[in-house]
Amino acid sequence: MAKKAIAVFISGRGSNFMSIHGDIEKGVIEGEIVVVVSDNPDAAGLAYAEQRGVECRVFPWRTPRNSYFQVIMDFLEEKHIDLIILAGFMRVLSENIIKRYEHRILNIHPALLPSFPGEDAQKQAFEYGVKYSGCTVHFVDEGVDTGPIVQQRVVAVLEDDDAETLAERILEQEHQLFPEVVRLFCNEQLKVVGRRVHIQT
C-alpha cells in the first residue's frame, strides 16, 4: 500500500499538525505530509514545518470563497493529495472543495459533537455546565462541524476547572486522537456508510 499524500491546513500554531507529523516520523502513520497550507503568513506552525523540510504555501484569504478554494484545489491536484487535514484552520471550506475531497477531509473539534459546534466550543461546554466534554474527529461536510463522526475522546470536567484548564486537557486528548484517526485513514480502515463511520480491522 502506497503512502497517502497529506495536505495539512493551519491558521495558527498547528499543534495537532505537530503531533501527526511526529507519528509520521516515527513510522506509526503510513503517510507523508506533502504540504502545509495556511491562510495566515504569520502562523506559527509554518516555522515548524519549514524547519523540518515540509513545503509550505500561504494563500491569503480573499473572497469569493469558492474562487479562493478553487485556487487551492488546483494546487492540491498538482500534488496528488489523498487527504486534507484541518488542524486549526479557521476558514469554513467551500462546497467545491468539500465535494472534490468527499470523505477525504478530516477535522478535529474540541467538544463532543453534535454538542457545541462552532467557535469557542470548550467555553460553550464549560458555561453550559456539562460534566463531560472532549474532542471529536469527523469528516467534513457542507455544514459546520456536522460531518460523519470518526472517533471521540471524553474528558471529565473537574470541580476546579475553568474554560482554560478544560481546554488544555481536551487538547492533550486531541494530540492522541487525531494521529490515531489519520493512521486509520492511511491504512484504509475507515468506511463511511451514511452518517456512520465503520473502523475495519
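Structure values in brief
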quantity	calculated
Net charge of Cβ neighbours under 14 Å - reference residue 40; Lys, Arg +1; Asp, Glu -1	+2
Total formal charge among the other residues, if their Cβ is under 14 angstrom from that of residue 28, Lys/Arg +1 and Asp/Glu -1	-1
FRET E, pair residue 65, residue 119, Förster distance 22 Å, beta-carbon r, rounded to 0.05	0.80
FRET efficiency for residue 5 and residue 44, using Cβ-Cβ distance with R0 set to 22 Å, rounded to 0.05	0.35
Mean separation of Cα contacts under 8 Å (6+ apart) over length of the chain, as relative contact order %	20 percent
Count of lysine pairs in segment 1-130 with Cα separation under 20 Å (8 or more residues apart, or interchain)	6
Ascending count of other beta-carbon atoms within 10 Å, so fewest first, for 67, 38, 115	67, 115, 38
Kyte-Doolittle mean at least -0.5 and Cα axial length at least 30 Å: DSSP H helices in the chain	163-186
At most 14 other Cβ within 10 Å, DSSP loop - trypsin sites (Lys or Arg not before Pro), segment 106-201	131, 195
Value of relative contact order over segment 105-171, rounded to a whole percent, pairs C-alpha under 8 Å and six or more apart	35 percent
Linear extension gain, residue 26 paired with residue 160, 0.36 nm per residue minus alpha-carbon span	44.6 nm
Residue-averaged 222 nm ellipticity for the chain, from DSSP H runs of 4+ at -39500 (n - 2.57), nearest 500	-11000 deg cm²/dmol
Share antiparallel - DSSP beta bridges, the chain, percent rounded to 5	45 percent
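Here, each number is a calculation from the coordinates, and none is a lab measurement. Since the structure is predicted, the reported quantities are computational estimates derived from the model, not experimental observations. Don't worry about glycine lacking a Cβ; one is built from the backbone with ideal geometry, like all the others, and counts go over all protein chains shown.
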